[in-house]
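*Asks:* Here's a structure for you.
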Amino acid sequence: MTDERAMDGETGNEKKTLEHFDIQRLMQLLPHRYPFLLIDRIIEVDGDESGIGIKNITINEPQFTGHFPSRPVMPGVLMIEGMAQTAGAMCVASRGTTGSPKVVYFMTVDKVKFRKPVGPGDVVEYHVRKIKKRGSMWWYAAEARVAGTKVAEAELSAMLVDE
């Protein structure tokens, strides 16, 4: 999970190998656990600049017993939380600290749009991109995509607090 640089054989330009976080690394970075750990892995991480979190949606998840049993739909607020967890894990990791994770407080959600329903069998990709950082606060633009189609979007902000 290190940042490596190599030469691109086609262009001759330097290319960056991005980090990735498996579920064990995510559980080191985030305090969330089942049923509220809403990302399974992060497949691309570029420091705190950008990343892609993955959530495999399954019928076994507790929200589907009530939302909605005859037509299970992933609640939009849980997709927003998945976006925030993707960004939060990146922020904590970018600080380079080890041991117990710092607390990430979700501060704002703006410009939210839900475009298509998501359900069991879908794989959601949370694409997050840093808008700005000031001190211990980060702002991100995020999109949720299923098979390349945008299903939701939002702008998020969070603060890391050392406890």
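*Asks:* Any chance you could give the angle, 0 to 90 degrees and rounded to 10, that helix 76-94 forms with the longest Cα principal axis of the chain?
*Replies:* Roughly 20 degrees, rounded to the nearest 10.
*Asks:* Still on this structure, please answer the following. Over the chain, with every protein chain in place, what whole percent of the accessible area is carbon and sulfur at 1.4 Å, could you tell me?
*Replies:* 52 percent
*Asks:* May I pose another question? Hey, rough spin-label estimate for I59 and F36, points 7 angstrom out along Cα→Cβ, what's it come to in nanometres?
*Replies:* Going from the I59 label point to the F36 one covers 2.8 nm.
*Asks:* Skip the ligands, DNA and RNA, and give the accessible area per residue of the chain with a 1.4 Å probe, whole Å².
*Replies:* 55 Å²
*Asks:* Another question, then. Of all alpha-carbon pairs in the chain, indicate the percentage at a distance above 28 angstrom.
*Replies:* More than 28 Å apart: 22 percent of the Cα pairs in the chain.
*Asks:* Add +1 for every Lys or Arg and -1 for every Asp or Glu among the other residues with Cβ under 10 Å from the Cβ of A93, and state the total.
*Replies:* 0
*Asks:* Looking only at S70, S136, S50, which one moves most when the chain is put into a Gaussian network model with springs between Cα atoms under 10 Å?
*Replies:* Residue with maximal mean-square fluctuation among S70, S136, S50: S70.
*Asks:* Along the Cα→Cβ direction, 7 angstrom out, place labels at T149 and M107. What is the inter-label distance in nm?
*Replies:* Taking the two extended label points, one gets 3.5 nm.
*Asks:* Tally Lys and Arg at +1 and Asp and Glu at -1 over the other residues with C-beta under 14 Å from the C-beta of M74: what net charge comes out?
*Replies:* 0
*Asks:* Right, here's the next one. How compact is the range 117-161 by the rule of thumb for globular proteins, expressed as Cα Rg over 2.2 N^0.38 Å?
*Replies:* 1.39
*Asks:* Which of I57, I39, I23 moves most in a GNM of the chain, Cα contacts under 10 Å?
*Replies:* I23
*Asks:* Still on this structure, please answer the following. What full-extension length gain, to one decimal in nm, is calculated for H20 and D46 as 0.36 nm per residue of separation minus the Cα-Cα distance?
*Replies:* This chain segment gains 8.5 nm when fully extended.
*Asks:* Next question, about the same structure. Report the local net charge at W138: Lys and Arg +1, Asp and Glu -1, summed over other residues whose C-beta lies under 10 Å from its C-beta.
*Replies:* Value of the local net charge: +3.
The values are calculated or read from the model by the stated rules, or taken from the named source; none is laboratory data. Bear in mind that the values here come from a model prediction, so they are computed numbers and not experimental data. Positions of Cβ are backbone-derived with ideal geometry, glycine not excepted, and every protein chain shown enters the neighbour counts. To get the accessible areas, we keep the full protein, side chains included, count just its heavy atoms, and leave off ligands, DNA and RNA. Shrake-Rupley method; radii C 1.70, N 1.55, O 1.52, S 1.80 Å.
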